[in-house]
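**Student:** Would you mind keeping the following structure in view while I ask a few things?
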Amino acid sequence: MPRFAVLMFEDDHAWSRLPELERQRLLVLYSNWVRDLKAKGAFEGGEPLGEGGVLLDADDDGQVLESDYTVIRSVLTGYFLIQAADLAAAAKLARGCPALIHGETIVVRPVGHED
């Protein structure tokens, strides 16, 4: 079955600014969503990403430039790997992700290259 990445983006410090009770409530929602994905045989894995990071980019001359990743308005904050019949089915599963209820944006992308 095809695999998809559910990529979550937001302000890098948004989670840490949430009150503890709200974080606990959201973690329960994430746990329930993952449990439902597992029951459907769609869950493969996932992790939140820690705050901070380094952005590497190359200029036109091939010189590698380095900057603080968190200066970008919206950073990758976590991901899930799921299985679904196609992109539309993966997007439908991703609609249940609790990230959407606390200000994150989600991108769903196929994993791997087409042959």
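**Student:** Scan region 103-115 residue by residue and report those that are under 14 Å from Met8 (Cα atoms), assigned to a strand (DSSP E or B) and in contact with a helix residue (DSSP H, G or I) (Cβ under 7 Å, 6 or more places away or on another chain).
**Tutor:** Ile106, Val108
**Student:** Further question on the same structure: Could you say which residue among Asp36, Asp86 is in contact with a Gly (Cβ under 9 Å, 6 or more places away or on another chain) and in contact (Cβ under 8 Å) with a residue 12 or more places away in the chain?
**Tutor:** From the options Asp36, Asp86, the qualifying one is Asp36.
**Student:** Under 6 Å between Cβ atoms, which residue pairs at least 6 apart in sequence (or on different chains) link something in region 9-27 that is within 14 Å of Gly103 (Cα to Cα) with a partner that is among the charged types (D, E, K, R)?
**Tutor:** Listed by first residue and then by second, the contacts come to Glu10/Glu104; Asp12/Glu51.
**Student:** If you don't mind, there's one more thing I want to ask. Tally the residues that are charged (D, E, K, R) and under 15 Å from the mean Cα position of the chain (by Cα), restricting the search to region 12-63.
**Tutor:** Matching residues across region 12-63 total 4.
**Student:** Right, another one. Looking at this structure, is Leu100 touching a helix residue (DSSP H, G or I) at 6+ places or on another chain (Cβ under 8 Å), assigned to a helix (DSSP H, G or I) and surrounded by 11 or more Cβ atoms within 10 Å (Cβ to Cβ)?
**Tutor:** So Leu100 fails the test.
Quick grid of which residues meet (1) of a type in the set (D, E, K, R); (2) touching a helix residue (DSSP H, G or I) at 6+ places or on another chain (Cβ under 7 Å); (3) more than 17 Å from Ala14 (Cβ to Cβ):
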residue	(1), (2), (3)
Val28	no, no, yes
Leu37	no, yes, yes
Glu44	yes, no, yes
Gly50	no, no, no
Gly53	no, yes, no
Gly62	no, no, yes
Leu81	no, no, yes
Leu87	no, no, yes
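**Student:** Out of everything in region 28-62 that is under 25 Å from Pro2 (Cβ atoms) and aliphatic (A, V, I, L, M), what residue ends up being surrounded by the fewest Cβ atoms within 10 Å (Cβ to Cβ)?
**Tutor:** Ala39
**Student:** State yes or no: is Glu10 closer than 15 Å to Ile106 by Cβ, surrounded by 12 or more Cβ atoms within 10 Å (Cβ to Cβ) and among the acidic types (Asp, Glu)?
**Tutor:** In short, yes.
**Student:** Just one of Ser67, Ser16 is surrounded by 11 or more Cβ atoms within 10 Å (Cβ to Cβ), at pLDDT below 90 and polar (S, T, N, Q); which is it?
**Tutor:** After applying the criteria, what remains is Ser67.
**Student:** Moving on to the next point. Can you spot a residue in region 59-74 that is under 28 Å from Leu21 (Cβ atoms), in contact (Cβ under 8 Å) with a residue 12 or more places away in the chain and in contact with a strand residue (DSSP E or B) (Cβ under 6 Å, 6 or more places away or on another chain)?
**Tutor:** Among the residues of region 59-74, at least one is under 28 Å from Leu21 (Cβ atoms), in contact (Cβ under 8 Å) with a residue 12 or more places away in the chain and in contact with a strand residue (DSSP E or B) (Cβ under 6 Å, 6 or more places away or on another chain), which makes the answer yes.
The values are calculated or read from the model by the stated rules, or taken from the named source; none is laboratory data. Please read all numbers here as calculations on a predicted model, not as lab measurements. Ideal geometry is used to build each Cβ from the backbone, glycine not excepted, and the neighbour counts take in all protein chains shown.
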